[in-house]
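Asks: My structure is below; once you've seen it, I'll send some questions.
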Amino acid sequence: MSQGKQSFVVTDPDTHSNPPLLEVENVSKSFGGVQALRTGSFRLEKGEVIAVVGANGAGKSTLIKTVAGVYPPDSGEIRIKGEPIDLNDHSVSRMRERGIEVVYQDLALVPNMSAPYNLFLGRTPRKWGIFADNRSMRAKTREVLDQLNVKTVQDLSRPISDLSGGQQQSIAIGRAIAWGKEIVILDEPTAALGPNETAEVERMVEEVRDNHGTSFILISHNLEQVQRLADRIIVIHHGVTSQEFERGRVTADRLVKAITVGV
Amino acid sequence: MTDGSKTMAGGFLSPRQMEKLRDFVPFIAIALVILLFWSISGDRFMSIRNWTFIAQQTPVLMLLAFAQLIVVTTGSIDISIGSSLAFSAFVGAIGMLWFGDAGLLLGVVAGAFVGMVNGLVISLLKIPSFVTTLAMLIIVRALVIIISDGTSIYMTDGSVSGGTNISSVTAPWLLSMGKFPAIFIVAAVVAVFMWIFYEKTLFGQQLKAVGGNEKVLRLVGINVTAFKIKVFAAAGVMVGIAACVNLARAGAATPQAGLMIELDAIAAVALGGTPLTGGYGSVVKTIIGALTLTVVRNGLTIAGVPPSWSQVALGALLIAAIAISLNRSKVDVVK
């Protein structure tokens with residue numbers, strides 16, 4: 001991979017017309033005087049899976065929520081395909097329009113509503129202006145679940161609170177990959193899952209990346225998983241994205257040290 | 001999960017069967033209530049005359065229960081609807097004095113206006129719906145007293161001319177609308193629209209979603225603030241329609257109209273199996289809830305139970321119905 005790294009150095013930025021899919025530069029965010037994120041910087045290429053790791057409270061969630069548009073950063077710049085986004089007009093809806101979706105840790109599902117409703121949350125297709133187009137919603141939900149190879153969700157009209165944790169997870173991931181044509185951000189996607197379901201989620205990520213060229217940002221505490229899935233690993237320590245490692249070029253011990261001590 | 005469902009018949013019914021049974025509680029309750037009063041009072045209760053009376057009494061409560069259902073489904077509550085009913089009726093009656101028959105529509109506009117103010121205060125100032133609508137209950141009732149100056153506006157059929165100091169509107173069509181079967185037909189038409197609106201439209205779905213997890217809707221970028229304003233305005237429209245129906249039925253806009261009726265509307269919604277925490281609800285069962293309340297009140301009167309004791313019985317019925325129909329395994333915290 002060292003050639004790959006070098007090519008970045010040699011390439012003249014003016015002649016190289018393909019800027020990274022996402023560039024985050026020195027973003028910061030504080031809440032009521034507490035600086036949750038000091039300087040967050042990273043880039044993400046098309047079809048790449050990167051992982052953001054760090055101790056609890058290091059600023060992982062703040063970093064990705066800032067990118068996802070949950071709140072605008074206090075300072076810094078976010079560029080998509082080389083174009084800086086207007087941080088005064090930075091919102092979840094805007095980022096969703098750009099094909100950037102998040103699977104939140106608590107899944108962000110509406111428990112009393114059906115799987116199709118949740119999959120189309122905020123984008124329900126209309127029929128005659130005031131009705132939901134239930135038929136096409138069900139068909140699309142089926143399609144997404146098939147794509148994820150999830151066969152266990154039979155009755156799509158039931159509220160999703162009736163589904164198992166793994167099934168709910170697949171709805172949340174299905175929603176993200178159905179709409180996140182560019183980037184899917186996974187916040188602790190397998191923290192609440194058993195080993196079989198975890199393997200399922202990892203398989204989904206790899207399949208979607210290979211088949212659709214979707215990029216992923218993975219937030220995880222599971223370092224083995226991070227090393228399995230991620231092309232690059234970004235370490236965040238005390239609100240600063242301090243180090244970056246390429247896949248296979250870092251040992252678990254080294255990562256732990258980077259996370260806990262910051263060096 | 002099993003702990004929550006192991007109430008009443010939980011010993012020999014599976015949770016799924018228990019859930020099915022809960023679905024039918026409002027229907028079972030009304031059937032039992034009818035049978036009870038039929039056996040007590042016989043033909044005096046089970047007569048065409050009495051049921052015509054019930055069909056005339058239920059619509060206003062049903063429409064107000066619809067308004068409440070819209071709000072409760074989102075997890076909020078609107079206790080200002082009684083005052084709003086009186087206010088809307090007055091504005092409608094004044095509208096008829098000034099602009100003729102079509103002026104009645106101002107009553108609906110007035111209801112929508114009160115609802116919208118509720119929604120604006122709740123959403124923009126972030127004051128809980130209970131407190132906001134409690135304040136509006138007081139303010140709007142006071143407004144009614146101010147604009148009415150303590151007097152009523154009467155609807156007449158033109159046969160008797162009122163005194164010079166009495167405001168009256170000659171509107172025989174409206175008075176006939178307030179009688180069976182017209183009032184019943186109006187109520188049925190509104191009920192059909194309400195059913196489509198609540199059970200089938202995207203707006204209806206959104207009501208349940210807001211009651212289910214409002215935070216998630218905000219997270220994915222849905223403008224819940226704007227939506228809630230529409231919710232209260234929609235409930236206000238329903239109150240406005242109820243006010244017009246009440247004006248027709250009572251034949252007058254009075255300053256006391258709708259006093260304490262918000263409690264009946266909430267009770268009707270609850271009897272219809274809708275949890276006040278929001279997320280779920282049913283138009284058909286709310287109709288049954290409103291009907292149950294009317295039938296019990298009517299039945300107790302016919303059976304000769306003094307009004308105060310009737311109220312006690314109604315309160316007890318409310319608790320009993322909710323104790324059976326509420327699925328506790330779906331409720332995390334009881335507040």
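Asks: Going by the conditions given, is A:Glu97 open to solvent by 20 Å² or more (accessible area, probe 1.4 Å), away from every other protein chain (no Cβ under 13 Å) and not small (Gly, Ala, Ser)?
Replies: No, not satisfied.
Asks: Would you call A:Thr124 assigned to a loop (DSSP other than H, G, I, E, B) and of a type in the set (Ser, Thr, Tyr)? Even if it seems obvious, please write down each step before you answer.
Replies: Numbers: assigned to a loop (DSSP other than H, G, I, E, B): yes; of a type in the set (Ser, Thr, Tyr): yes.
So A:Thr124 fits the description; yes.
Asks: Which residue pairs have Cβ atoms closer than 7 Å, lie 6 or more positions apart in sequence or on different chains, and pair a first residue in the stretch A:150-166 that is within 12 Å of chain B (Cβ to nearest Cβ) and touching a residue at least 40 places away in the same chain (Cβ under 8 Å) with a second residue that is part of a loop (DSSP other than H, G, I, E, B) and open to solvent by 30 Å² or more (accessible area, probe 1.4 Å)?
Replies: Sorted first by the residue in the stretch A:150-166, then by its partner, the pairs are A:Pro159/A:Pro111; A:Ile160/A:Pro111; A:Ser161/A:Pro111.
Asks: From (1) open to solvent by 60 Å² or more (accessible area, probe 1.4 Å); (2) within 14 Å of chain A (Cβ to nearest Cβ); (3) in contact (Cβ under 8 Å) with a residue 12 or more places away in the chain; (4) touching a Ser or Thr at 6+ places or on another chain (Cβ under 9 Å), pick out the condition that doesn't hold for B:Ile138.
Replies: (2)
Asks: Let me ask something else about it. Find all pairs meeting these conditions: Cβ atoms under 8 angstrom apart; at least six residues apart or on different chains; first residue within the stretch B:220-235 and within 13 Å of chain A (Cβ to nearest Cβ); second residue of a type in the set (Val, Ile, Thr).
Replies: B:Val220/A:Val92; B:Gly221/A:Val92; B:Val224/B:Val210; B:Phe227/B:Val210; B:Ala234/B:Ile70
Asks: What do you reckon, is A:Ala172 part of a helix (DSSP H, G or I) and touching a residue at least 40 places away in the same chain (Cβ under 8 Å)?
Replies: Values: part of a helix (DSSP H, G or I): yes; touching a residue at least 40 places away in the same chain (Cβ under 8 Å): yes.
Yes.
Asks: Here are some residues: A:Val256, A:Val205, A:Val201, A:Val184. Which one is of a type in the set (Val, Ile, Thr), part of a strand (DSSP E or B), in contact (Cβ under 8 Å) with a residue 12 or more places away in the chain and in contact with a helix residue (DSSP H, G or I) (Cβ under 8 Å, 6 or more places away or on another chain)?
Replies: A:Val184
Asks: Out of B:Gly258, B:Gly281, report the one residue that is farther than 21 Å from B:Phe45 by Cβ, at pLDDT 90 or above, away from chain A (no Cβ under 14 Å) and within 16 Å of the chain's Cα centre (by Cα).
Replies: Within the list B:Gly258, B:Gly281, the selection yields B:Gly258.
Asks: Another one. Can A:Ala176 be described as within 21 Å of B:Leu207 (Cα to Cα) and among the small types (Gly, Ala, Ser)?
Replies: no
Asks: Moving to a separate point now. Could you say whether any residue in the stretch B:232-253 is among the polar types (S, T, N, Q) and either at pLDDT below 95 or within 29 Å of B:Glu19 (Cβ to Cβ) (or both)?
Replies: no
Asks: Next up: Could you list, in sequence order, all residues of the stretch A:75-120 that are in contact with a Lys or Arg (Cβ under 6 Å, 6 or more places away or on another chain) and small (Gly, Ala, Ser)?
Replies: A:Gly99
Asks: Condition first: at the interface with chain B (Cβ under 10 Å from one of its Cβ atoms) and surrounded by fewer than 16 Cβ atoms within 10 Å (Cβ to Cβ). Now tell me which residues in the stretch A:128-147 satisfy that.
Replies: We begin by selecting, within the stretch A:128-147, every residue at the interface with chain B (Cβ under 10 Å from one of its Cβ atoms); these are A:128-134.
Within the stretch A:128-147, A:Trp128, A:Gly129, A:Ile130 qualify.
Asks: Would you pick out the residues in the stretch A:37-72 that are in contact with a helix residue (DSSP H, G or I) (Cβ under 9 Å, 6 or more places away or on another chain), crowded, with 20+ Cβ neighbours inside 10 Å and in contact (Cβ under 8 Å) with a residue 60 or more places away in the chain?
Replies: A:Leu37, A:Gly40, A:Phe42, A:Glu48, A:Val49, A:Ala51, A:Val52, A:Val53, A:Gly54, A:Ala58, A:Val67, A:Ala68
Asks: Quick one: in the stretch B:281-303, which of the residues that are in contact with a Pro (Cβ under 9 Å, 6 or more places away or on another chain) and of a type in the set (Ser, Thr, Tyr) is surrounded by the fewest Cβ atoms within 10 Å (Cβ to Cβ)?
Replies: Among those residues, the one meeting the criterion is B:Thr301.
The values are calculated or read from the model by the stated rules, or taken from the named source; none is laboratory data. Because the structure is a prediction, the values reported are computed rather than measured. Note: ideal-geometry Cβ built from the backbone for every residue, glycine included; neighbour counts use all protein chains shown. Areas reflect the complete protein model, heavy atoms only, side chains present, ligands, DNA and RNA absent. Shrake-Rupley method; radii C 1.70, N 1.55, O 1.52, S 1.80 Å.
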